[in-house]
Amino acid sequence: MAASRVSRRGFVGGVATALGAIGLAPQSELWARSRGVVGAIPLPLSGPEEEYDGFAKLANNENPYGPPDSVMKAMTHAMKYANRYGYPDGGIVDEIAKHHGVKPENVVLAAGSGEILDVCGTTFLQNDRVLLGADPSYNIFYAHATALKADIIKVPLLPDFRQDIPATVLAARRNARDVGLIYLCNPNNPTGRLVTKDEVRQLLDGIPEDIPVLIDEAYHHFVDDPSYATSVPYVFEGRQVIVARTFSKIAALAGMRLGYAVAPKSLIQRMRPYTVASISAIVKYGGVAALRDTDSQAWVKKVTIELRQKTMKDLAALGYESVPSDTNFFMVNLKRPVVPVIDEFKKKGVLVGRPFPPLNEHLRVSIGTADEMSRFMLAFRDIMAQRTAAKTG
Ligand SMILES: Cc1ncc(COP(=O)(O)O)c(C=O)c1O
């Protein structure tokens, strides 16, 4: 594997630093020792964790930089509630409401926006209701709908990979009696393309007004295009709109699990009974700090866009076109089946996106650090040169 592995020594140092950052007190060290953990440092870890650390991780659209100091400090502070059920929550719901200019009754929390999506499925797709959305889109949500035995009407993307809003309106009208939920991922995963604010209005004005629309804004923070806008203002209008947001992307809290929905009170009341509400004290405090730390998020957005543009340009110079993106990932057209290429990247220590049929020749690549993107380009040149040689040889 070409990946530079993190040495065990370096890794243990890293854990020590991390534990230092979460402020373990001497009593905690005793507690740790009693469980076979020496000096608050876990005994050396073998295999899977070291291997994972060595990969360039460009598969899951994560933030490679980790939470900023402001968020780490807030979470460290909240560690004192680790042993409590009924802890203060840092005021997270009020902070989200303030952030969007809505009332706390318009907000529901979840362990990631994935849970919000699932809750919407359970709330709006029971009793043989149908889901309507673009294809491809965030397929994990479609898998949940399928598990609920809901039928899905999938509207193919346009040739330029944008979502086909007129066709979605038509499908909603034609199936008005059956459709229980419309899913609009904006910007869309896996393509990275956005739906403009005019198109969102066209959709909402065109469909029967009682059909709820779930607008997934997981990648909202990376958009730099004035034709786009959040759909939260539709909530003020009392439209049947649920906006899903996550702390997993720009806020770098994917492993901590926090997301939320903003929606009219009547929809929140229907959804709330299906939420699990199992969110850790730590991430609630982290979420408040993340919402306030706009400087760190602006920096992540800037470096991400710069690296995305550079990588797409480098790929174009090699003859590989990418789909325009407004997110922290993009799709490159490999002009050959993507599945074996994904495996070859892994062998070279680079994790890239899963397949997204029917786009069987497009590879989804998340934007990592500058070093990870260099490793991606190195592996890309190698793999694609080999494949061209094999084809012509
Ligand atoms: C479009 C979209 N929605 C929702 C999610 C779920 O994110 P999380 O549950 O981490 O908030 C993801 C994760 O990749 C996503 O890409």
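The values are calculated or read from the model by the stated rules, or taken from the named source; none is laboratory data. None of the values given here were measured: they were computed from a predicted structure. Don't worry about glycine lacking a Cβ; one is built from the backbone with ideal geometry, like all the others, and counts go over all protein chains shown.
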_the stretch 252-272 - residue that is out of contact with any helix residue (DSSP H, G or I) (no Cβ under 8 Å at 6 or more places or on another chain) and within 10 Å of the ligand (Cβ to nearest atom) and, of those, farthest from VAL107 (Cα to Cα)_ = GLY255
*Filter the stretch 212-229 down to the residues that are free of Cβ contacts under 8 Å to residues at least 40 places away in the same chain and closer than 19 Å to TYR138 by Cβ, then identify the one that is farthest from the ligand (Cβ to nearest atom).*
VAL213
_Out of the residues in the stretch 236-251 meeting the condition of being β-branched (Val, Ile, Thr) and assigned to a strand (DSSP E or B), tell me which one is farthest from the ligand (Cβ to nearest atom)._
VAL241
*Is it the case that THR304 is of a type in the set (Val, Ile, Thr), modelled with pLDDT of 95 or more and either more than 14 Å from the ligand (Cβ to nearest atom) or surrounded by fewer than 24 Cβ atoms within 10 Å (Cβ to Cβ) (or both)?*
yes
*What is the residue count in the stretch 273-312 for residues that are outside any helix (DSSP H, G or I), over 28 Å from GLN240 (Cβ atoms) and touching a helix residue (DSSP H, G or I) at 6+ places or on another chain (Cβ under 8 Å)?*
1
*asked:* Of everything in the stretch 232-266, what is over 13 Å from the mean Cα position of the chain (by Cα) and free of Cβ contacts under 8 Å to residues at least 60 places away in the same chain? Give them in sequence order.
replied: PRO233, TYR234, GLU237, GLY238, ARG239, GLN240, VAL241, VAL243, SER266
*asked:* Step by step: first the residues of the stretch 80-100, then only those that are of a type in the set (Gly, Ala, Ser) and exposed (fewer than 12 other Cβ atoms within 10 Å of the Cβ), then the one that is modelled with the highest pLDDT. Which residue is that?
replied: ALA82
*Write out, first by first residue and then by second, each pair whose Cβ atoms fall under 7 Å of each other, whose residues are 6+ apart or on separate chains, and whose first residue, in the stretch 83-95, is assigned by TED's automatic domain parsing to the domain that holds ASN106 while the second is among the charged types (D, E, K, R).*
ASP89/LYS284; GLY90/LYS284; ILE92/LYS284
